[in-house]
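This report concerns only the one structure given below.
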Amino acid sequence: MQEAALPIIDPAIIEDDFMNDRGLLREVFDSFLTQYEQHMSDLQTALSQKSHRELGSAAHKLKGGLMYIGAAAAAKTAELVEASAIENDLDAAQDACDCLQCELSRLLPAFENYLSQA
């Protein structure tokens, strides 16, 4: 049986965690954006240095931030990066990082769109 596709943004998480407070969500998202760039840099550095521990740590931090803002698909992909790092499978981790970049390229505009809706 095929697993259902995860949403780019899970509105249920946002409604539960932020009580649909768009101002608070904007603040948290802006904070996530500044941290996400550092985490992505850390992922790339860890991959280039073949450091599975640093890679797993960066992926774990990014996954937490993604889960908090309701970015289900990207969080699942960050979890794959983390799992690959734990297994010391850097090839799989690189593939998962590439997928994570794709998920994030979908997430950022989708989140901006979500925030702009009344």
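The angle between the Cα long axis of helix 22-48 and the longest principal axis of the Cα atoms of the chain comes to about 10 degrees, rounded to the nearest 10. Against the empirical 2.2 N^0.38 Å (N residues), the chain has a Cα radius of gyration ratio of 1.07.
Please label the shape of the range 1-51 as rounded, prolate or oblate, based on the square roots a ≥ b ≥ c of the eigenvalues of the alpha-carbon gyration tensor (a/c under 1.5 means rounded; beyond that, a/b larger than b/c means prolate, else oblate). Taking the square roots of the gyration eigenvalues as a ≥ b ≥ c, the range 1-51 is oblate. Evaluated with a Cβ-only charge set (Lys, Arg +1; Asp, Glu -1), the chain carries a dipole of roughly 160 debye about its Cα centre, given to the nearest 20. Phi angles of the range 7-12 translate, via the Karplus equation with coefficients 6.51, -1.76, 1.60 and θ = phi - 60°, into HN-Hα couplings of x, 4, 10, 9, x, 4 Hz per residue; Gly and Pro are given as x. Looking at the range 2-110, the GluC sites (Glu not before Pro) that sit in a DSSP loop and have at most 10 other Cβ atoms within 10 Å of their own Cβ are 3. Evaluate the distance, in nm, between pseudo-label points positioned 7 Å from the Cα of residue 48 and of residue 35 along their respective Cα→Cβ axes. Spacing of the two 7 Å Cα→Cβ label points: 2.4 nm.
Quick note: the coordinates plus some simple rules give every number you see, no bench work behind them. What you see is a predicted model; the values in this text were computed from it and never measured. Virtual Cβ from ideal backbone geometry, glycine too; neighbours counted across all protein chains shown.
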